[in-house]
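Q: Pasting a structure below so you can have a look.
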């Protein structure tokens, strides 16, 4: 059965089916992320203390430029198909996928830096932040004491004064018996980190979804170009619209979480 308006525009909307469906889907995505940003605003306004500049601005800036470049490359991929240049499409689409993977790698570095950055509290009430010797990932006091051969001391590199996770302070030995708290900077640390991991994690899932779709259209899905080039071009266009939305969400996430 022939489904109408797969390639040509509908007379009632001026859109073909896929683009109409994509815009409806993006409307639901706006509501989803709108709820996240609304929660951020309400929680921050209602908070008496709010940690600031807890994230790496250089890495966040790098990821912003990476997504902007990928947004350009996905447009160039669609333009190449409109110009009947399939080889150039493969080049630009491949670049988009690689840039998206680079974004996730940078985000992975950021996440790793948080799960190897620790806050410790001693019995005398002293509170320190910094890194442990060997950079263990997500170590807790309970895990430390439950290990088969728990150490008696930890080499702790306290953050330099005024730094959030510099790890450049002088190393000092801390007795495990003097610890009352040892926790990484995960989503459980405070409201800010809960929001950070929730919002950037949700965005990262959308990036992964975009990689799967864009990668499919670059690889096995590109066979449609030989049988139905107009419909394939439309598929690339709607996937590009989705990718622009992912990039736009990050444009709001970056200043909200990294700069404010």
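Please treat every number below as a calculation from the coordinates, not as lab data. All of these numbers come straight from a predicted model, not from anything done at the bench. Here the Cβ positions follow ideal geometry from the backbone for every residue, glycine too, while neighbour counts run over all protein chains shown.
Q: Give me the distance in nm between label points sitting 7 Å out from Cα along the Cα-to-Cβ direction at residue 119 and residue 85, one decimal.
A: 5.3 nm
Q: When ranked by the protection proxy of mean other Cβ atoms within 10 Å per residue, highest first, what sequence do the peptides 34-44, 139-149, 237-247 form? Could you put the intermediate results ahead of the total?
A: Values: 34-44: 13.4, 139-149: 11.4, 237-247: 20.3.
Taking the mean over residues of other Cβ atoms within 10 Å, the ranking is 237-247, 34-44, 139-149.
Q: When only alpha-carbon atoms count, how far does segment 7-89 stretch along each of its three principal axes, as whole angstroms with the largest first?
A: 57, 34, 11 Å, listed from the longest principal axis down.
Q: So between residue 244 and residue 155, what do we pick up on full extension, going 0.36 nm a residue minus the alpha carbon distance? Write out the running numbers ahead of the final one.
A: Values: separation 89, 0.36 × 89 = 32.04 nm, distance 4.56 nm.
Taking residue 244 through residue 155 to full extension adds about 27.5 nm, to one decimal.
Q: Sort 230-236, 107-113 by packing, meaning the average of other beta carbons within 10 Å per residue, with the highest value first.
A: Details: 230-236: 19.6, 107-113: 15.1.
By packing density, highest mean first, the sequence is 230-236, 107-113.
Q: Report the Cα-based extents of segment 119-258 along its three principal axes, largest first, to the nearest Å.
A: Projected onto its principal axes, the Cα set of segment 119-258 covers 72, 36, 24 Å.
Q: Moving to a separate point now. When the helices in the chain are scored as -39500 (n - 2.57) per DSSP H run of 4 or longer and the sum is shared across all residues, what 222 nm value do you end up with, to the nearest 500 deg cm²/dmol?
A: Values: 7 runs with 148 residues, N = 260.
Calculated mean residue ellipticity at 222 nm is -20000 deg cm²/dmol.
Q: Let me ask another. Bin all alpha-carbon pair distances of segment 118-184 at 5 Å intervals from 0 and give each bin's fraction as a whole percent.
A: With a bin width of 5 Å, the distribution comes to 4, 18, 31, 29, 14, 4, 1, 0.
Q: Residue 251 to residue 65: extension gain in nm, 0.36 nm per residue of separation minus the Cα-Cα distance?
A: Full-extension gain reported as 66.0 nm.
Q: Which label marks the calculated value of volume of the Cα convex hull per residue in Å³, given the options [x] 170; [y] 118; [z] 141?
A: Answer label, from the structure shown: [x].
Q: Related question: Averaging over every viewing direction, what projected area does the convex hull of the Cα atoms of segment 69-194 cover, in nm²? Before the final figure, lay out each step's value.
A: On the way: hull surface 44.8 nm².
Average of the hull's projected areas for segment 69-194 equals 11.2 nm².
Q: Gain in length, residue 76 to residue 98, computed as 0.36 nm per residue apart minus the alpha-carbon separation, to one decimal in nm? Before the final figure, lay out the partial values.
A: Numbers: separation 22, 0.36 × 22 = 7.92 nm, distance 1.47 nm.
Difference between extended and current length: 6.5 nm.
Q: Continuing with this model, one more query. What nm value, rounded to one decimal, do you get for the distance between residue 223 and residue 27 when each label is placed 7 Å out toward the C-beta?
A: With each label placed 7 Å out from Cα toward Cβ, I get 3.6 nm.
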